[in-house]
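Colleague: Got a structure for you, written out below as C-alpha coordinates; questions coming shortly.
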(Lines give C-alpha, C1' and ligand atoms only; values in the text may rest on other atoms or scores of the structure.)
Protein backbone atom coordinates (compact mmCIF):
# COMPACT_ATOMS: atom_id res chain seq x y z
CA UNK A 1 0.00 0.00 0.00
CA UNK A 2 2.21 2.77 -1.30
CA UNK A 3 -0.52 5.34 -1.67
CA UNK A 4 -3.67 6.30 0.16
CA UNK A 5 -5.23 7.98 -2.84
CA UNK A 6 -8.44 6.18 -3.70
CA UNK A 7 -8.57 5.28 -7.36
CA UNK A 8 -11.93 5.17 -9.01
CA UNK A 9 -10.72 2.37 -11.34
CA UNK A 10 -10.18 -0.08 -8.45
CA UNK A 11 -13.30 -0.13 -6.34
CA UNK A 12 -13.36 -2.39 -3.24
CA UNK A 13 -16.20 -4.38 -4.74
CA UNK A 14 -14.07 -5.62 -7.64
CA UNK A 15 -14.75 -9.34 -8.13
CA UNK A 16 -11.87 -11.84 -7.75
CA UNK A 17 -10.05 -12.19 -11.03
CA UNK A 18 -9.44 -15.54 -12.63
CA UNK A 19 -5.67 -15.16 -12.09
CA UNK A 20 -6.13 -14.21 -8.44
CA UNK A 21 -8.42 -17.15 -7.82
CA UNK A 22 -6.10 -19.59 -9.55
CA UNK A 23 -3.07 -18.35 -7.59
CA UNK A 24 -4.82 -18.59 -4.25
CA UNK A 25 -6.27 -21.99 -5.06
CA UNK A 26 -2.84 -23.30 -6.08
CA UNK A 27 -1.25 -21.92 -2.91
CA UNK A 28 -3.96 -23.45 -0.76
CA UNK A 29 -3.61 -26.79 -2.54
CA UNK A 30 0.18 -26.70 -2.09
CA UNK A 31 -0.26 -25.92 1.58
CA UNK A 32 -2.69 -28.77 2.02
CA UNK A 33 -0.44 -31.24 0.22
CA UNK A 34 2.63 -30.12 2.19
CA UNK A 35 0.92 -30.53 5.54
CA UNK A 36 -1.05 -33.66 4.72
CA UNK A 37 1.91 -35.57 3.27
CA UNK A 38 4.32 -34.75 6.05
CA UNK A 39 5.70 -37.84 7.69
CA UNK A 40 4.52 -37.27 11.26
CA UNK A 41 1.13 -38.86 10.96
CA UNK A 42 0.58 -39.63 14.60
CA UNK A 43 1.65 -36.26 15.95
CA UNK A 44 -0.21 -34.22 13.35
CA UNK A 45 -3.51 -35.14 14.87
CA UNK A 46 -4.81 -32.61 17.35
CA UNK A 47 -4.25 -33.94 20.88
CA UNK A 48 -7.93 -34.26 21.71
CA UNK A 49 -8.69 -36.10 18.49
CA UNK A 50 -5.72 -38.40 18.97
CA UNK A 51 -6.86 -39.24 22.50
CA UNK A 52 -10.35 -40.08 21.29
CA UNK A 53 -8.91 -42.11 18.41
CA UNK A 54 -6.79 -44.09 20.89
CA UNK A 55 -9.84 -44.65 23.09
CA UNK A 56 -11.80 -45.96 20.11
CA UNK A 57 -8.89 -48.20 19.20
CA UNK A 58 -8.69 -49.57 22.75
CA UNK A 59 -12.43 -50.24 22.73
CA UNK A 60 -12.20 -52.08 19.41
CA UNK A 61 -9.32 -54.24 20.68
CA UNK A 62 -11.14 -54.90 23.94
CA UNK A 63 -14.21 -56.09 22.02
CA UNK A 64 -12.10 -58.30 19.76
CA UNK A 65 -9.85 -59.87 22.40
CA UNK A 66 -12.14 -59.72 25.42
CA UNK A 67 -9.64 -57.93 27.65
CA UNK A 68 -8.62 -54.34 28.43
CA UNK A 69 -5.92 -53.14 26.03
CA UNK A 70 -3.82 -50.03 26.56
CA UNK A 71 -2.61 -48.20 23.44
CA UNK A 72 0.13 -45.69 24.29
CA UNK A 73 1.27 -42.77 22.16
CA UNK A 74 4.39 -42.14 24.25
CA UNK A 75 6.65 -39.71 22.35
CA UNK A 76 10.41 -40.04 21.91
CA UNK A 77 12.54 -39.09 24.92
CA UNK A 78 14.71 -36.00 24.47
CA UNK A 79 18.44 -36.61 24.14
CA UNK A 80 17.99 -40.27 23.31
CA UNK A 81 19.02 -42.19 20.23
CA UNK A 82 18.59 -45.90 20.61
CA UNK A 83 21.10 -48.43 19.40
CA UNK A 84 21.54 -52.15 19.75
CA UNK A 85 24.52 -54.45 19.85
CA UNK A 86 24.66 -58.21 19.52
CA UNK A 87 27.63 -60.33 20.54
CA UNK A 88 28.14 -62.89 17.78
CA UNK A 89 30.72 -64.71 19.86
CA UNK A 90 28.09 -65.40 22.55
CA UNK A 91 24.89 -66.14 20.62
CA UNK A 92 24.11 -69.86 20.81
CA UNK A 93 21.24 -69.84 18.32
CA UNK A 94 18.58 -71.01 20.78
CA UNK A 95 15.85 -68.72 19.30
CA UNK A 96 14.56 -67.69 22.75
CA UNK A 97 14.60 -64.11 21.45
CA UNK A 98 12.45 -64.99 18.44
CA UNK A 99 9.59 -66.29 20.56
CA UNK A 100 9.92 -63.69 23.32
CA UNK A 101 9.52 -61.10 20.57
CA UNK A 102 6.43 -62.85 19.19
CA UNK A 103 4.81 -62.81 22.63
CA UNK A 104 5.80 -59.24 23.46
CA UNK A 105 4.90 -57.72 20.14
CA UNK A 106 1.69 -59.60 19.33
CA UNK A 107 2.94 -61.18 16.14
CA UNK A 108 0.59 -63.49 14.27
CA UNK A 109 0.97 -67.13 15.31
CA UNK A 110 -0.81 -68.39 12.19
CA UNK A 111 0.32 -67.49 9.61
CA UNK A 112 3.59 -67.29 11.45
CA UNK A 113 5.34 -63.92 11.62
CA UNK A 114 8.80 -63.67 13.22
CA UNK A 115 10.50 -60.29 13.43
CA UNK A 116 13.80 -61.95 14.38
CA UNK A 117 15.41 -64.50 12.11
CA UNK A 118 18.42 -66.42 13.36
CA UNK A 119 20.88 -67.60 10.71
CA UNK A 120 23.24 -70.48 11.29
CA UNK A 121 26.61 -69.96 9.63
CA UNK A 122 29.74 -72.02 9.29
CA UNK A 123 32.73 -70.81 11.22
CA UNK A 124 35.06 -71.29 8.26
CA UNK A 125 32.96 -69.10 5.99
CA UNK A 126 32.32 -66.06 8.13
CA UNK A 127 29.20 -63.90 7.92
CA UNK A 128 27.83 -64.93 4.53
CA UNK A 129 24.09 -64.80 3.96
CA UNK A 130 24.22 -66.79 0.74
CA UNK A 131 25.35 -69.81 2.75
CA UNK A 132 23.32 -69.13 5.88
CA UNK A 133 20.53 -71.39 7.09
CA UNK A 134 17.59 -70.00 9.10
CA UNK A 135 15.83 -73.41 9.28
CA UNK A 136 18.46 -75.25 11.32
CA UNK A 137 16.83 -77.66 13.76
CA UNK A 138 19.39 -79.80 15.59
CA UNK A 139 18.70 -81.47 18.93
CA UNK A 140 21.02 -79.06 20.69
CA UNK A 141 22.70 -75.74 20.00
CA UNK A 142 25.33 -74.48 19.53
CA UNK A 143 26.32 -76.95 16.82
CA UNK A 144 29.93 -77.86 16.29
CA UNK A 145 31.61 -75.54 13.79
CA UNK A 146 28.69 -73.11 13.60
CA UNK A 147 27.90 -69.62 14.80
CA UNK A 148 24.65 -67.72 14.75
CA UNK A 149 23.60 -64.30 13.49
CA UNK A 150 20.12 -63.11 14.52
CA UNK A 151 18.75 -60.46 12.17
CA UNK A 152 15.86 -58.09 12.74
CA UNK A 153 15.27 -54.49 11.71
CA UNK A 154 18.64 -52.69 11.67
CA UNK A 155 16.99 -49.29 12.37
CA UNK A 156 19.08 -47.65 9.64
CA UNK A 157 19.94 -43.98 9.80
CA UNK A 158 19.79 -43.94 6.03
CA UNK A 159 16.79 -46.25 5.81
CA UNK A 160 15.88 -47.34 2.27
CA UNK A 161 12.44 -48.51 3.40
CA UNK A 162 11.12 -45.13 4.49
CA UNK A 163 12.12 -43.47 1.22
CA UNK A 164 9.98 -45.69 -0.97
CA UNK A 165 6.75 -45.57 1.02
CA UNK A 166 4.17 -43.86 -1.18
CA UNK A 167 1.88 -42.89 1.70
CA UNK A 168 4.38 -41.71 4.29
CA UNK A 169 3.28 -44.54 6.56
CA UNK A 170 6.81 -45.33 7.75
CA UNK A 171 9.43 -42.93 9.04
CA UNK A 172 12.32 -42.54 11.47
CA UNK A 173 11.44 -41.14 14.88
CA UNK A 174 13.76 -38.61 16.61
CA UNK A 175 14.95 -41.39 18.94
CA UNK A 176 16.07 -43.38 15.92
CA UNK A 177 13.30 -45.98 15.77
CA UNK A 178 11.93 -46.66 12.31
CA UNK A 179 8.19 -47.00 12.83
CA UNK A 180 5.11 -47.89 10.81
CA UNK A 181 1.66 -46.36 11.16
CA UNK A 182 -0.52 -49.36 10.37
CA UNK A 183 -3.48 -47.09 9.65
CA UNK A 184 -1.58 -45.46 6.78
CA UNK A 185 0.07 -48.57 5.38
CA UNK A 186 -1.62 -49.64 2.13
CA UNK A 187 0.28 -52.94 1.90
CA UNK A 188 2.15 -52.20 -1.33
CA UNK A 189 5.26 -53.84 0.16
CA UNK A 190 7.68 -51.46 -1.59
CA UNK A 191 9.47 -51.15 1.76
CA UNK A 192 9.96 -54.90 1.91
CA UNK A 193 11.58 -54.82 -1.51
CA UNK A 194 13.78 -51.90 -0.44
CA UNK A 195 14.98 -53.45 2.84
CA UNK A 196 18.30 -55.25 2.31
CA UNK A 197 17.91 -57.21 5.55
CA UNK A 198 14.53 -58.92 5.01
CA UNK A 199 13.44 -57.30 8.25
CA UNK A 200 9.92 -56.30 7.20
CA UNK A 201 7.06 -58.76 7.26
CA UNK A 202 3.66 -58.72 5.64
CA UNK A 203 0.37 -59.86 7.10
CA UNK A 204 -0.91 -61.99 4.26
CA UNK A 205 -3.93 -63.06 6.32
CA UNK A 206 -5.77 -61.80 9.36
CA UNK A 207 -3.20 -62.20 12.17
CA UNK A 208 -4.14 -64.89 14.68
CA UNK A 209 -3.19 -64.17 18.30
CA UNK A 210 -4.60 -66.39 21.07
CA UNK A 211 -6.72 -64.17 23.30
CA UNK A 212 -4.99 -65.42 26.44
CA UNK A 213 -1.51 -64.52 25.23
CA UNK A 214 -2.24 -61.03 23.90
CA UNK A 215 0.17 -58.45 25.32
CA UNK A 216 -2.23 -55.73 26.43
CA UNK A 217 0.43 -53.06 26.97
CA UNK A 218 0.83 -51.70 23.46
CA UNK A 219 2.09 -48.67 21.56
CA UNK A 220 0.34 -47.07 18.61
CA UNK A 221 3.51 -47.33 16.50
CA UNK A 222 4.56 -50.71 17.86
CA UNK A 223 2.91 -53.84 19.11
CA UNK A 224 -0.78 -52.98 18.89
CA UNK A 225 -2.56 -55.78 17.02
CA UNK A 226 -2.27 -55.30 13.28
CA UNK A 227 -4.92 -55.79 10.63
CA UNK A 228 -4.53 -57.98 7.57
CA UNK A 229 -2.58 -56.43 4.70
CA UNK A 230 -0.04 -54.26 6.51
CA UNK A 231 3.71 -54.47 6.94
CA UNK A 232 5.31 -54.82 10.37
CA UNK A 233 8.78 -55.10 11.87
CA UNK A 234 10.93 -54.70 14.98
CA UNK A 235 10.54 -51.35 16.76
CA UNK A 236 13.17 -51.93 19.49
CA UNK A 237 10.09 -52.75 21.64
CA UNK A 238 8.98 -49.10 21.48
CA UNK A 239 6.32 -49.77 24.13
CA UNK A 240 9.02 -50.87 26.58
CA UNK A 241 12.04 -48.77 25.64
CA UNK A 242 10.22 -45.43 25.70
CA UNK A 243 9.19 -46.46 29.18
CA UNK A 244 12.85 -46.95 30.15
CA UNK A 245 12.85 -50.74 29.98
CA UNK A 246 15.05 -53.08 27.97
CA UNK A 247 13.60 -54.77 24.87
CA UNK A 248 12.13 -58.23 25.47
CA UNK A 249 14.85 -59.98 23.46
CA UNK A 250 17.59 -58.42 25.62
CA UNK A 251 16.00 -59.67 28.80
CA UNK A 252 15.36 -63.20 27.58
CA UNK A 253 18.74 -63.97 25.99
CA UNK A 254 20.28 -66.77 28.11
CA UNK A 255 23.76 -66.01 26.79
CA UNK A 256 23.58 -62.28 27.53
CA UNK A 257 24.49 -61.61 23.90
CA UNK A 258 22.04 -58.75 23.40
CA UNK A 259 22.83 -55.20 24.48
CA UNK A 260 20.76 -52.05 24.22
CA UNK A 261 21.13 -48.42 25.16
CA UNK A 262 21.34 -44.75 24.38
CA UNK A 263 23.93 -43.84 21.78
CA UNK A 264 24.02 -40.25 23.07
CA UNK A 265 24.90 -41.29 26.63
CA UNK A 266 28.70 -41.70 26.90
CA UNK A 267 28.22 -43.96 29.94
CA UNK A 268 25.86 -46.41 28.19
CA UNK A 269 26.68 -50.03 27.45
CA UNK A 270 26.34 -49.36 23.76
CA UNK A 271 29.01 -46.67 23.79
CA UNK A 272 31.32 -48.92 25.80
CA UNK A 273 30.94 -51.62 23.17
CA UNK A 274 31.58 -49.29 20.25
CA UNK A 275 34.64 -47.86 21.95
CA UNK A 276 36.18 -51.10 23.25
CA UNK A 277 35.08 -53.99 21.04
CA UNK A 278 35.41 -55.12 17.46
CA UNK A 279 32.17 -53.89 15.96
CA UNK A 280 30.60 -54.30 12.54
CA UNK A 281 27.31 -53.69 10.77
CA UNK A 282 25.64 -55.89 8.19
CA UNK A 283 26.01 -54.98 4.51
CA UNK A 284 28.05 -51.90 5.35
CA UNK A 285 28.69 -51.29 1.63
CA UNK A 286 25.03 -50.37 1.10
CA UNK A 287 25.49 -47.24 3.23
CA UNK A 288 22.31 -47.87 5.20
CA UNK A 289 24.09 -46.84 8.44
CA UNK A 290 22.42 -49.33 10.79
CA UNK A 291 22.04 -48.60 14.49
CA UNK A 292 22.16 -52.33 15.10
CA UNK A 293 25.75 -53.37 15.68
CA UNK A 294 27.33 -56.80 15.83
CA UNK A 295 30.40 -57.29 17.94
CA UNK A 296 32.86 -59.85 19.23
CA UNK A 297 33.47 -59.57 22.96
CA UNK A 298 36.11 -62.27 22.97
CA UNK B 1 -0.08 -6.97 -5.35
CA UNK B 2 -2.94 -8.60 -3.51
CA UNK B 3 -2.51 -12.14 -4.88
CA UNK B 4 1.19 -12.02 -4.14
CA UNK B 5 0.57 -10.99 -0.53
CA UNK B 6 -2.07 -13.65 -0.15
CA UNK B 7 0.26 -16.33 -1.56
CA UNK B 8 3.05 -15.22 0.74
CA UNK B 9 0.73 -15.35 3.76
CA UNK B 10 -0.45 -18.83 2.79
CA UNK B 11 3.13 -20.05 2.46
CA UNK B 12 4.06 -18.56 5.83
CA UNK B 13 1.07 -20.32 7.37
CA UNK B 14 2.13 -23.60 5.74
CA UNK B 15 5.67 -23.20 7.00
CA UNK B 16 4.38 -22.56 10.51
CA UNK B 17 2.22 -25.70 10.38
CA UNK B 18 5.15 -27.74 9.07
CA UNK B 19 7.47 -26.40 11.74
CA UNK B 20 4.92 -27.29 14.41
CA UNK B 21 4.58 -30.78 12.95
CA UNK B 22 8.35 -31.31 12.90
CA UNK B 23 8.86 -30.13 16.44
CA UNK B 24 10.35 -32.83 18.64
CA UNK B 25 7.77 -33.96 21.19
CA UNK B 26 8.96 -33.46 24.70
CA UNK B 27 10.09 -36.27 26.93
CA UNK B 28 11.70 -36.85 30.26
CA UNK B 29 15.49 -36.89 30.18
CA UNK B 30 17.04 -40.25 30.98
CA UNK B 31 17.52 -40.92 34.66
CA UNK B 32 20.90 -40.18 36.18
CA UNK B 33 23.33 -43.04 36.30
CA UNK B 34 24.67 -42.11 39.71
CA UNK B 35 23.25 -45.19 41.40
CA UNK B 36 25.73 -47.76 40.13
CA UNK B 37 25.64 -50.06 43.13
CA UNK B 38 25.70 -53.62 41.91
CA UNK B 39 22.54 -55.32 42.97
CA UNK B 40 22.85 -59.05 42.48
CA UNK B 41 20.42 -61.91 43.07
CA UNK B 42 21.05 -64.59 45.66
CA UNK B 43 23.79 -67.08 44.79
CA UNK B 44 22.29 -70.22 43.22
CA UNK B 45 22.75 -72.59 46.14
CA UNK B 46 21.20 -76.04 46.10
CA UNK B 47 18.31 -76.10 48.58
CA UNK B 48 19.45 -76.54 52.16
CA UNK B 49 23.15 -76.54 51.37
CA UNK B 50 23.95 -73.14 52.86
CA UNK B 51 25.35 -72.30 55.37
CA UNK B 52 28.11 -74.79 54.67
CA UNK B 53 29.32 -74.47 58.24
CA UNK B 54 26.27 -76.32 59.51
CA UNK B 55 28.04 -79.55 58.47
CA UNK B 56 31.63 -78.43 58.04
CA UNK B 57 32.10 -76.84 61.45
CA UNK B 58 32.73 -80.26 63.00
CA UNK B 59 34.76 -81.64 60.10
CA UNK B 60 38.50 -81.45 59.89
CA UNK B 61 39.63 -80.01 56.55
CA UNK B 62 41.07 -82.67 54.27
CA UNK B 63 43.39 -80.90 51.88
CA UNK B 64 44.08 -83.94 49.69
CA UNK B 65 42.92 -83.62 46.09
CA UNK B 66 40.48 -86.48 45.55
CA UNK B 67 37.18 -87.56 43.97
CA UNK B 68 34.36 -86.62 46.35
CA UNK B 69 32.30 -89.72 47.09
CA UNK B 70 30.53 -89.36 50.42
CA UNK B 71 29.25 -85.80 50.00
CA UNK B 72 28.93 -83.57 46.94
CA UNK B 73 29.40 -86.48 44.50
CA UNK B 74 27.63 -84.42 41.81
CA UNK B 75 30.48 -81.94 41.71
CA UNK B 76 32.82 -82.78 38.90
CA UNK B 77 35.45 -80.11 38.63
CA UNK B 78 36.02 -79.00 35.03
CA UNK B 79 37.50 -75.61 35.64
CA UNK B 80 41.25 -75.70 35.22
CA UNK B 81 41.08 -78.90 37.27
CA UNK B 82 44.75 -79.63 36.68
CA UNK B 83 45.72 -76.72 38.85
CA UNK B 84 42.70 -76.18 41.01
CA UNK B 85 41.03 -77.71 44.00
CA UNK B 86 38.03 -76.89 46.24
CA UNK B 87 40.05 -75.04 48.82
CA UNK B 88 41.62 -72.70 46.28
CA UNK B 89 38.32 -70.83 46.29
CA UNK B 90 36.40 -72.14 49.33
CA UNK B 91 37.97 -71.11 52.58
CA UNK B 92 39.04 -74.08 54.70
CA UNK B 93 38.58 -72.28 58.02
CA UNK B 94 35.43 -70.29 57.25
CA UNK B 95 33.27 -72.48 55.03
CA UNK B 96 30.59 -69.83 54.63
CA UNK B 97 33.01 -67.65 52.70
CA UNK B 98 35.25 -67.82 49.70
CA UNK B 99 38.73 -66.38 49.71
CA UNK B 100 40.78 -64.42 47.23
CA UNK B 101 44.39 -65.24 46.40
CA UNK B 102 45.36 -62.62 48.94
CA UNK B 103 43.52 -64.53 51.65
CA UNK B 104 40.80 -61.92 51.95
CA UNK B 105 37.43 -63.50 52.67
CA UNK B 106 34.56 -62.67 50.32
CA UNK B 107 30.93 -63.63 50.69
CA UNK B 108 29.15 -65.71 48.08
CA UNK B 109 27.19 -62.71 46.82
CA UNK B 110 30.47 -60.99 46.01
CA UNK B 111 31.88 -64.03 44.25
CA UNK B 112 32.51 -61.97 41.09
CA UNK B 113 35.58 -60.57 42.84
CA UNK B 114 36.93 -64.09 43.14
CA UNK B 115 36.18 -64.94 39.49
CA UNK B 116 37.66 -61.64 38.38
CA UNK B 117 41.08 -62.59 39.72
CA UNK B 118 41.61 -64.74 36.63
CA UNK B 119 38.89 -63.39 34.35
CA UNK B 120 39.71 -59.74 34.79
CA UNK B 121 38.55 -58.59 31.37
CA UNK B 122 35.24 -60.42 31.86
CA UNK B 123 34.74 -58.71 35.20
CA UNK B 124 35.45 -55.36 33.58
CA UNK B 125 32.94 -56.06 30.79
CA UNK B 126 30.41 -57.36 33.30
CA UNK B 127 30.62 -54.21 35.39
CA UNK B 128 30.10 -52.18 32.21
CA UNK B 129 27.04 -54.32 31.46
CA UNK B 130 28.57 -55.87 28.37
CA UNK B 131 29.28 -59.39 29.61
CA UNK B 132 26.26 -61.25 30.89
CA UNK B 133 22.57 -60.61 30.95
CA UNK B 134 21.09 -57.42 32.30
CA UNK B 135 17.45 -56.76 32.96
CA UNK B 136 15.57 -53.74 34.23
CA UNK B 137 15.92 -50.26 32.79
CA UNK B 138 18.37 -49.13 30.12
CA UNK B 139 18.51 -45.64 31.63
CA UNK B 140 17.90 -46.43 35.27
CA UNK B 141 17.88 -49.31 37.67
CA UNK B 142 19.69 -52.28 36.16
CA UNK B 143 19.69 -55.77 37.53
CA UNK B 144 22.85 -57.83 37.29
CA UNK B 145 23.35 -61.54 37.61
CA UNK B 146 26.22 -63.15 39.47
CA UNK B 147 28.72 -65.11 37.37
CA UNK B 148 27.43 -68.23 39.10
CA UNK B 149 23.82 -67.53 38.08
CA UNK B 150 24.75 -68.48 34.51
CA UNK B 151 28.01 -70.43 34.84
CA UNK B 152 28.31 -73.38 37.17
CA UNK B 153 31.56 -72.42 38.92
CA UNK B 154 32.69 -76.04 38.92
CA UNK B 155 31.93 -76.49 35.19
CA UNK B 156 31.65 -73.01 33.77
CA UNK B 157 31.28 -73.86 30.10
CA UNK B 158 27.71 -73.35 28.85
CA UNK B 159 25.79 -76.57 28.32
CA UNK B 160 24.20 -77.05 24.91
CA UNK B 161 20.43 -76.51 24.98
CA UNK B 162 17.52 -77.41 22.78
CA UNK B 163 16.66 -74.64 20.32
CA UNK B 164 13.13 -73.34 19.87
CA UNK B 165 11.37 -74.49 16.67
CA UNK B 166 12.64 -73.30 13.31
CA UNK B 167 10.44 -70.87 11.38
CA UNK B 168 8.00 -72.34 8.89
CA UNK B 169 9.21 -72.43 5.34
CA UNK B 170 7.12 -70.33 2.99
CA UNK B 171 4.38 -72.37 1.33
CA UNK B 172 3.21 -72.01 -2.24
CA UNK B 173 -0.48 -71.28 -2.79
CA UNK B 174 -2.46 -74.49 -2.75
CA UNK B 175 0.43 -76.48 -1.27
CA UNK B 176 1.10 -77.14 2.37
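Colleague: So, residue A:260, is that one within 14 Å of chain B (Cβ to nearest Cβ), at pLDDT 95 or above and outside any loop (DSSP other than H, G, I, E, B) or not?
Modeller: yes
Colleague: To continue, here is another question. Can you confirm whether residue A:146 is modelled with pLDDT of 95 or more and either more than 21 Å from residue A:235 (Cα to Cα) or more than 11 Å from chain B (Cβ to nearest Cβ) (or both)?
Modeller: yes
Colleague: I'd like the full set of residues that are farther than 27 Å from residue A:267 by Cβ, facing chain B (nearest Cβ under 8 Å) and assigned to a loop (DSSP other than H, G, I, E, B), limited to region A:69-108.
Modeller: Hits for region A:69-108 are A:92, A:93, A:94, A:95.
Colleague: A further question follows. If you check A:138, A:160, A:111, which single one turns out to be at pLDDT 95 or above, surrounded by fewer than 18 Cβ atoms within 10 Å (Cβ to Cβ) and within 12 Å of chain B (Cβ to nearest Cβ)?
Modeller: Result of the check over A:138, A:160, A:111: A:138.
Colleague: Within the set of pairs 6 or more residues apart or between chains, which connect a residue that is under 18 Å from residue B:134 (Cβ atoms) inside region B:147-164 to a residue that is part of a loop (DSSP other than H, G, I, E, B) and modelled with pLDDT of 95 or more with Cβ atoms less than 6 Å apart?
Modeller: Pairs that qualify, where the first residue is under 18 Å from residue B:134 (Cβ atoms) and the partner is part of a loop (DSSP other than H, G, I, E, B) and modelled with pLDDT of 95 or more: there are none.
Colleague: Let me ask something else about it. Hey, among the residues in region B:138-148 that are within 11 Å of chain A (Cβ to nearest Cβ) and in a loop (DSSP other than H, G, I, E, B), which one's surrounded by the most Cβ atoms within 10 Å (Cβ to Cβ)?
Modeller: Checked region B:138-148; the qualifying residue surrounded by the most Cβ atoms within 10 Å (Cβ to Cβ) is B:138.
Colleague: While we're looking at this one, here's another question. Kindly indicate which of A:54, A:50, A:42 is within 11 Å of another protein chain (Cβ to nearest Cβ), within 26 Å of the chain's Cα centre (by Cα) and at pLDDT below 95.
Modeller: A:42
Colleague: Exactly one of these conditions fails for residue A:88: (1) more than 23 Å from residue A:201 (Cα to Cα); (2) surrounded by 23 or more Cβ atoms within 10 Å (Cβ to Cβ). Give me its number.
Modeller: (2) is the only condition that residue A:88 fails.
Colleague: Then there's this: Which members of region A:203-214 meet the condition of being within 15 Å of residue A:106 (Cα to Cα) and surrounded by fewer than 17 Cβ atoms within 10 Å (Cβ to Cβ)?
Modeller: A:205, A:206, A:208, A:210, A:211, A:212, A:213 - these are the residues of region A:203-214 that are within 15 Å of residue A:106 (Cα to Cα) and surrounded by fewer than 17 Cβ atoms within 10 Å (Cβ to Cβ).
Colleague: Check B:96, B:80 and return the single one that is part of a loop (DSSP other than H, G, I, E, B), without any contact (Cβ under 8 Å) to a residue 60 or more places away in the chain and either in contact with a strand residue (DSSP E or B) (Cβ under 8 Å, 6 or more places away or on another chain) or loosely packed, with under 14 Cβ neighbours inside 10 Å (or both).
Modeller: B:80
Colleague: Across region B:124-134, what is the total count of residues that are at the interface with another protein chain (Cβ under 7 Å from one of its Cβ atoms), in contact (Cβ under 8 Å) with a residue 12 or more places away in the chain and out of contact with any helix residue (DSSP H, G or I) (no Cβ under 6 Å at 6 or more places or on another chain)?
Modeller: Result for region B:124-134: 1.
The rows are residues; the columns are (1) modelled with pLDDT of 95 or more; (2) within 11 Å of chain A (Cβ to nearest Cβ).
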residue: B:87; (1), (2): no, no
residue: B:98; (1), (2): yes, no
residue: B:136; (1), (2): no, yes
residue: B:150; (1), (2): no, yes
residue: B:158; (1), (2): no, yes
residue: B:161; (1), (2): yes, yes
residue: B:165; (1), (2): yes, yes
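The values are calculated or read from the model by the stated rules, or taken from the named source; none is laboratory data. For clarity, every value in this text was computed on a predicted model and none was experimentally measured. As a convention, Cβ positions derive from the backbone with ideal geometry for all residues, glycine included, and neighbour counts pool all protein chains shown.
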